[in-house]
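I have placed the structure first, in the form of structure tokens, so that the comments after it can refer back to it.
Since every read-out is calculated from the coordinates, none of them should be taken as a lab result. None of these values were measured; they are calculated from a predicted model. Because the Cβ atoms are built from the backbone with ideal geometry, glycine has one as well, and the counts that use them run over all protein chains shown.
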Amino acid sequence: MKKIFSILQFLFFAGSLGYFIFRTRSLDANFKIQIEQLRLMQSYYEQKTQWMLSMKDKILNNYPTPISEITLTRILAATWENCKKYGISKEIFLSLIEQESQFNPHADGNDGEIGLCQIMPETAKLIVNSYNLPIQSQSEIHIIENNIEIAVLYLKDLLQIYDLKRALAHYNNGHKGMSGRGKKYAEKVLWGAKKYEL
């Protein structure tokens, strides 16, 4: 009986030890995954910060319109996030903002265009509905982050149909595209993007 009890104790101990080793390895693997995720996040935020500081200097030193640092930080953060998320060139997009509103989030166009990226209300409504964005009213389109996300998504949609130059022309000139002002606008945006390159 003592022998059976000793064997059971040994099996219990061996099983417990095996479970402990398995659990430790499992936790160790999860820990390594979490560490790697933290490293990736750190790298992402370091790149974002470096890019934002570089762009902030370029805009504040080379652009005549006074822009508050807080506003510019919000513009750059939203540009980084949305361009990364949706695969749009950050340099092209900053040049687009410069052409559309000269970095003024309160800009309103003569034909009803709204905000930094001069989004038409009908276009905004189409994008908000297509992508199920949590934007409830036209006044929310003025919010920097919303305006940029809508514009990036609109440009992304246009790029699925046209090459970059034509997409920019259609962004500015609607269905008229490359005719009239559209071609000149696209050329200005493309030329202007060069100054935002790192």
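Rounded to 0.05, the FRET efficiency of the Leu198 and Ser130 pair, given R0 = 45 Å and the Cβ-Cβ distance, is 0.90. Taking +1 at the Cβ of each Lys and Arg and -1 at the Cβ of each Asp and Glu, which of Leu159, Ile127, Asn146 sits farthest along the dipole of region 124-198 towards its positive end, judged by Cα position relative to the Cα centre? After comparing all options, I get Leu159. Protection proxy ranking, highest mean first, for peptides 125-136, 141-152: 141-152, 125-136, where packing is the per-residue count of other beta-carbon atoms within 10 Å, averaged. Which whole-number percent of Cα pairs in region 67-198 have a distance greater than 25 Å? It works out to 16 percent of all Cα pairs.
A simple spin-label model places the labels of Ser54 and Met41 2.5 nm from each other, with each point 7 Å out along Cα-to-Cβ. Potential lengthening of the chain between Leu164 and Asn104 amounts to 19.2 nm, from the contour at 0.36 nm per residue minus the alpha-carbon distance.
The Cα atoms of region 142-198 cover 31, 29, 21 Å along the three principal axes, with the biggest extent listed first.
In percent, rounded to a whole number, the relative contact order of region 67-198 is 25, using alpha-carbon pairs under 8 Å and six or more apart. Near Ile114, the amide H atoms lying under 5 Å from its own belong to Gly109, Ile119, Met120; only residues 5 or more places off or on other chains count, and H is placed 1.01 Å from N.
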